[in-house]
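All remarks here apply to the structure that follows.
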Amino acid sequence: MNSGFYAACAGLIARTESLDTIANNLANSNTTGFRGRHSTFSSALVSAGHPNLSVLNQDANDYGSLGSTRLDTSQGVLTNTGNQLDVAIEGPGYLPVQTASEVVYTRAGNLRVSPQHQLTTAQGDPILGDSGPITIVGTDVSISQDGTISSDGAIAGKLKVVEFAPNVDLQNKGDNYYTAPAGSAKASPSSVIHQGTLEGSNVNSMTSVVELISAQREVESMRRVLTMFNSEMDKTAAQDLPRVS
C-alpha cells in the first residue's frame, strides 16, 4: 500500500514539473530567439542495497522522477524584418550581455541603441563586443556576417559571438537570457550574423500542445491513483484496524 502511494506521489510530482516546462515552452512559442526545454525522466529504486527482493517488490519500489530538463539547441526560423538593428545568429552562437549582476547570453537579436548610444538588448542591457560595450553614434548602421558594425561608414565595434560545448546545459535566467558556468564560453567561428533578420522561437506549437495534453492526462491519472489509495487507507483505519485485538 505505502509503496504504491509513494510511487503515485513521485509520479505526480514529476509530471507536474514536466507540465510546467511544457507550458513555459508554449507561452514563449512566439518569443524572439527563445529556446525550449525538454524533460528527461529517471527512476529511483528505493530498494537499492537489498538485492534479494522479488521482482514484484522491485517493481513496487521503482519510482519515476523528473531527472532534469535539457535545452533544445535546434535552430529557429529566420525571418526578414528589414530593421537595421535586428540580427539573427545562424549557428550555435550566443550574444554576451552585461546585466547589473553578471554576464548572460541571448539569441534574441532585436537590439536597440540607448540614449547613451550603447547597443543594448530590448531589456536595455549592453551587448558586449570584442572590446566591451559597443557605442553607436551615427544613424546608418551596417552589420556584416562576422559581426563587424559600421555606423555612418566608420567602424563602431564588433559583436562578440560565443558558443558552448554540448555538455554545457545553459540555464534560463528570464528575459530570454541564459547563464552558463564561468569559463565555458568560447568563440563561435562557425556562427553567421544576418542583419535585418530575427530568429523565431524553436518551439513547435503543435507538438507542444500534444505534449501538454498528454502530461495533463498523466497528472490526472496520478491524482486518481492517490485518491484511490487514500480511500483504501481510510477504509483500513476505520474498519479493519478496530478488529485487530
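Would you pull out the residues with amide H under 5 Å of Y177's amide H, same chain only if 5 or more places away, H placed 1.01 Å from N?
none
Given +1 on the Cβ of Lys and Arg, -1 on the Cβ of Asp and Glu, and no further charges, what dipole in debye does the stretch 78-199 carry about its Cα centre, rounded to the nearest 20?
Computed about the Cα centre, the dipole is about 140 debye.
Taking Cα pairs under 8 Å and at least six residues apart, what relative contact order does the stretch 78-199 come out at, in percent?
That works out to 36 percent.
Which order do T227, T21 fall in if you start with the one that has the fewest other Cβ atoms within 10 Å?
The most exposed by this proxy come first: T227, T21.
Along its three principal axes, how long is the stretch 78-199 when you only count alpha carbons? Whole Å, largest extent first please.
Principal extents (largest minus smallest coordinate, Cα): 41, 29, 24 Å.
Kindly rank 29-37, 186-194 from highest to lowest mean number of other beta carbons found within 10 Å of each residue.
Result, highest mean Cβ count within 10 Å first: 29-37, 186-194.
For the stretch 105-177, what is the largest minus smallest coordinate of the Cα atoms on each principal axis, given in angstrom and ordered from greatest to least?
In descending order, the Cα extents are 41, 24, 18 Å.
Using only Cα atoms, locate the centre of the stretch 66-121 and the centre of the stretch 125-158, then give the distance between them in Å, rounded to an integer.
Centre-to-centre distance over Cα atoms comes out at 15 Å.
Taking θ as phi - 60°, what are the ³J(HN,Hα) couplings along the stretch 158-174 by the Karplus curve (6.51, -1.76, 1.60), each to the nearest whole Hz, with x for Gly and Pro?
Taking θ as phi minus 60°, the curve returns 9, 4, 9, 10, 10, 9, 9, 5, x, 8, 8, 9, 5, 10, 5, 9, x Hz for the stretch 158-174.
Laboratory data are not the source of any read-out in this text; all were calculated from the coordinates shown. From a predicted model like this one, the values you see are computed outputs, not experimental measurements. Glycine also receives a Cβ, built like all others from the backbone with ideal geometry; neighbour counts cover every protein chain displayed.
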